[in-house]
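These notes are about the structure you will find just below.
The values are calculated or read from the model by the stated rules, or taken from the named source; none is laboratory data. A quick note: this is a predicted structure, and the numbers were derived from the prediction, not measured. Cβ sites come from the backbone with ideal geometry, for glycine too, and all protein chains shown count toward neighbours. When the accessible area is computed, the model is the full protein with side chains, heavy atoms only, and any ligands, DNA or RNA have been set aside. Shrake-Rupley method; radii C 1.70, N 1.55, O 1.52, S 1.80 Å.
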Amino acid sequence: MGKRRRPRDSAMEIPDIIANDSLRVCVMGNLRGVKESRMIRDFEACEGYAGFQKLKKAVSLNFGHLDFDNKEQQEKTLNAIKDIVYKNKRLCFSVKREERRESKKPRLNAEDIEIKDVVTPLWKMSYEDQLKHKARF
């Protein structure tokens, strides 16, 4: 069985990103092997660059996240860096999904479970009942 991968965020147009309430933008492209410092240097070289609050990017991944202080800064910076190309692939952007899926199993609280039940689950039974229970398996 292959690796289980998370669904990819689809690329969005800059006006759609600006219209969204989120100030966190996912930057995607051929970014594997590109360090944060190089990205910052390339961003700062663009005309119209307005800065950002934080860039988070792992060298081994093809994407990173930009956090902005406000919408104006976000719009100016994204319009300035939209034409940057890394390894023959132009940058694209999307808004990180904030929705969380509900798990199918209900979560158990630590207060609901006694340690005796976890360590010795048959502690409530008499010895004869424990032997009968164990004989079934």
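With 31 Å as the limit, write out which pairs from K71/K104; K54/K89; K35/K76; K56/K76 have Cα-Cα distances beyond it, or answer none. Check vs 31 Å cut-off fails for K71/K104. Less than 5 angstrom separates the built amide H of L91 from those of I84, Y86, all sequence-distant by 5 or more or on a different chain.
Helix content alone sets the calculated 222 nm mean residue ellipticity of the chain: runs of n ≥ 4 DSSP H residues at -39500 (n - 2.57) each, divided across all residues, give -8000 deg cm²/dmol. Classify the chain as rounded, prolate or oblate from the Cα gyration tensor: take a ≥ b ≥ c as the square roots of its eigenvalues, call it rounded if a/c is under 1.5, otherwise prolate when a/b beats b/c and oblate if not. It is prolate, given that a/c is not under 1.5 and a/b is the larger ratio. Ranking M28, P106, L131 by how far each Cα lies toward the positive end of the dipole of the chain (charges on Cβ) leaves L131 at the top. For a straight C-alpha distance cut-off of 18 angstrom, no aspartates and glutamates are reachable from K132 once same-chain residues fewer than eight places away are disregarded. Note that the range 24-95 presents 53 Å² accessible area per residue, ligands and nucleic acids not counted, probe 1.4 Å.
Of the solvent-accessible surface of the range 24-95, computed with a 1.4 Å probe and all protein chains present, 45% belongs to carbon and sulfur.
For the range 35-121, the list of GluC sites (Glu not before Pro) that fall in a loop by DSSP and count at most 12 other C-beta atoms within 10 angstrom reads E47, E98, E99, E102, E114.
For the chain, modelled as a GNM whose springs connect Cα atoms under 10 angstrom apart, the maximal fluctuation among K87, K124, K35 occurs at K124.
Listed by chain and number, the aspartates and glutamates whose alpha-carbon sits under 17 Å from that of K134, ignoring those within fewer than 8 places in the same chain, are D117.
The radius of gyration of the Cα set in the range 24-95, together with its Dmax, comes out at 11.0, 31 angstrom.
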